[in-house]
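The values are calculated or read from the model by the stated rules, or taken from the named source; none is laboratory data. In this text, all values refer to a predicted model and were calculated from it rather than measured experimentally. In this analysis, Cβ positions are derived from the backbone assuming ideal geometry, glycine residues included, and neighbour counts consider all displayed protein chains.
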Amino acid sequence: MTETSSHPYDALTPDTILDAMEDAGFVVNGRLFALNSYENRVYQIGLDDKSPVIAKFYRPGRWSEAQIREEHDFTRQLVEADIPVVAPMELPGGDSLGRGGEFLFAVFPQRGGQAPDTSVTDTLYRLGQWLGQLHNQGDTKAFQERPTLDLIGGITANTDFLIRENWVPADLRPAWDSLIPDLIEYCQRRMEDAGETHNLRIHGDCHAGNILCREDQMLFVDLDDCRTGPAIQDLWLLLNGDEVERGQQFGELMEGYEMFRDFNRRERHLIEPLRCYRQISHCTWLAKRWDDPAFPRFFPWFAKPRFWSDQILSLREQLSALQSPSISIPGQF
């Protein structure tokens, strides 16, 4: 576990933020309000005689400029196809990507709403419709710079990092070391059950918190994790509850999705490997961000042994899910 006394975001002062906005051509009124965001830094910024805007300052070193521009290009393509996505604004200079010192940033219109209630069948049906259309657009071309989702490679690299950096407590290492190979083995088996899958450009992090609902409108936000991957990655995070409930929810998503795009039902076998990948990736994300002062402040439990014993218990439950049959999905497989 490495701790440092400084971090690149230390240089992102209010003056730096407002100066960057002014240099980009905005007339700011000095009002600045930090929003909840950990990976990047996001602010509501007041403008003279206009509605406030949302500025996202990208974490230095996470994405290259070319990768961020691919995110912007993909988002604009979705907007042009009338898919409800919040896209970065064109800055007064004509670009969608600004620079303030060492920071790249984008500006978005302010949008309100709340997370969708995925227990409502009509909501899932409509989400499925939009995701089918989103994937149609995602399949029209390929990312050149953005990464491809690599399940086994990602799990292996993440667990290697956690061990190398001594995040797993020594007394829990035997349990961890015996568990991870079994998880990888059964993830591989599930991937074999899925067979060959088709990769395309996807949202990448399509959970309810990245969807805004207001009255009858839906908006997909934050394509910061967009990448190449299987369609199921944009669907499974919307499922919750027990096995029967998840199966019913998936059926509703599929009813809407397949109005616009065929779906390979065998991709259902990837759900539990993806869940395993996400759980381990989350641990690694916290570990890699621990030098950012915001992380020890907001996630103090991460560095405590209790967290890791809970993770081992949770991963054992995940292994049991990997060893069980996939969720039942209505329709032909």
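Listed residues F105, F57, F26, F74; which is buried (at least 16 other Cβ atoms within 10 Å of the Cβ) and in contact with a Gly (Cβ under 6 Å, 6 or more places away or on another chain)?
Just one listed residue meets the conditions, F105.
Could you tell me whether any residue of the stretch 294-303 is within 18 Å of E165 (Cβ to Cβ), in contact with a helix residue (DSSP H, G or I) (Cβ under 8 Å, 6 or more places away or on another chain), modelled with pLDDT under 95 and not aromatic (F, W, Y)?
Taking every residue of the stretch 294-303 in turn, at least one turns out to be within 18 Å of E165 (Cβ to Cβ), in contact with a helix residue (DSSP H, G or I) (Cβ under 8 Å, 6 or more places away or on another chain), modelled with pLDDT under 95 and not aromatic (F, W, Y).
Would the stretch 85-93 turn up any residue that is out of contact with any Ser or Thr (no Cβ under 9 Å at 6 or more places or on another chain) and either surrounded by 15 or more Cβ atoms within 10 Å (Cβ to Cβ) or hydroxyl-bearing (S, T, Y) (or both)?
Yes, the stretch 85-93 has at least one match.
Just to be sure before I move on: is D242 in contact with an Asp or Glu (Cβ under 8 Å, 6 or more places away or on another chain), of a type outside the set (K, R) and at pLDDT below 95 in the structure I sent?
no
Looking at the stretch 311-327, which of its residues are in contact with a Phe, Trp or Tyr (Cβ under 9 Å, 6 or more places away or on another chain) and free of Cβ contacts under 8 Å to residues at least 40 places away in the same chain?
Q311
List, please: which pairs have Cβ atoms under 8 Å, are six or more places apart or on different chains, and start with a residue in the stretch 94-120 that is in a loop (DSSP other than H, G, I, E, B) and end with one that is among the hydroxyl-bearing types (S, T, Y)?
Pairs that qualify, where the first residue is in a loop (DSSP other than H, G, I, E, B) and the partner is among the hydroxyl-bearing types (S, T, Y), are G101/T16; Q110/S51; P116/T123; D117/T123.
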